[in-house]
Amino acid sequence: MTRAPVHLLLVEDNPADVFLLEAALDLAAVPVEMTVARDGLEALEYLHQTKAGARLPDLILLDLNMPRMNGFEFLAAVRADPDLMGLVILVFTTSNAEADVKRAYALQANAYLSKPANLDAFLQTVHLLEAHWFGAASLPRSFAP
C-alpha cells in the first residue's frame, strides 16, 4: 500500500536551510510534498488561499526570525483563525533562548526544535521528525475539502 505524501509547509527565509531540508527529505522513507513560504505573511496568504479549495498542510515547520511577519506573529494569527487553529505547527529555529521557547508554547506551538549546526545533526533531526511526526504521531487530515 502506497502512503499518501505528507504535505509540509516550510516557513523559512534562509535559502540554505530550505536547501538542507529539501535534501534531507529526499532521503526520507515517507513521501513529503513541501511548499516553501519565505516569511509569515507569505505563509498566511498561502493558507488563506489554500483553505478555500485545496488541502491544507499536515505539518508546518516555522522559523521565528523572518522579515515582514515573524514566526510569533504568524503563530498568533493562525491560532486566532478558527479555520486554521488546529494546524500542527513546529517551531524550527536557530534560537534556543528560553524566552522564545516559552513564548512559542504560550502561542500554542506543537513543538519547539532548535536547528542543528551541521549537516549530520540536521539529517538526524529530520530523521526524528520523520519517525515521530510522519510516523508515530497521527496528524489531522480533516482539513481536506
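The values are calculated or read from the model by the stated rules, or taken from the named source; none is laboratory data. What you see is a predicted model; the values in this text were computed from it and never measured. Here the Cβ is made from the backbone with ideal geometry for all residues, glycine too, and neighbour counts use every protein chain on show.
Observations on the structure shown:
- Qualifying residues in segment 16-53 (those that are surrounded by fewer than 14 Cβ atoms within 10 Å (Cβ to Cβ), of a type in the set (Asp, Glu) and more than 21 Å from residue 73 (Cα to Cα)) - the one modelled with the highest pLDDT: 22
- Residues (surrounded by fewer than 18 Cβ atoms within 10 Å (Cβ to Cβ) and touching an Asp or Glu at 6+ places or on another chain (Cβ under 6 Å)) located in segment 64-83: 67, 68
- Failed criterion for residue 91 (all others in (1) in contact with a Phe, Trp or Tyr (Cβ under 6 Å, 6 or more places away or on another chain); (2) of a type in the set (Val, Ile, Thr); (3) without any contact (Cβ under 8 Å) to a residue 24 or more places away in the chain hold): (3)
- Count of segment 65-76 residues which are of a type in the set (A, V, I, L, M, F, W, C) and either over 15 Å from the mean Cα position of the chain (by Cα) or modelled with pLDDT under 95 (or both): 2
- Each residue in segment 39-81 was checked for being of a type in the set (Lys, Arg), more than 20 Å from residue 101 (Cα to Cα) and either in contact with a strand residue (DSSP E or B) (Cβ under 9 Å, 6 or more places away or on another chain) or in a helix (DSSP H, G or I) (or both), and 1 pass.
- Filtering segment 88-109 to residues that are assigned to a loop (DSSP other than H, G, I, E, B), under 15 Å from the mean Cα position of the chain (by Cα) and at pLDDT below 95 leaves 88, 94.
- Filter result for the condition that a residue is under 14 Å from the mean Cα position of the chain (by Cα), of a type in the set (D, E, K, R) and more than 15 Å from residue 90 (Cα to Cα), over 33, 45: 33
- Annotation note: Cβ proximity below 6 Å between a residue of segment 35-63 that is among the hydroxyl-bearing types (Ser, Thr, Tyr) and a residue that is outside any helix (DSSP H, G or I) (sequence gap 6+ or interchain) occurs for 35/9; 46/37; 50/56.
- Some residue of segment 113-128 being over 22 Å from residue 22 (Cβ atoms) and either touching a helix residue (DSSP H, G or I) at 6+ places or on another chain (Cβ under 9 Å) or not in a helix (DSSP H, G or I) (or both): no
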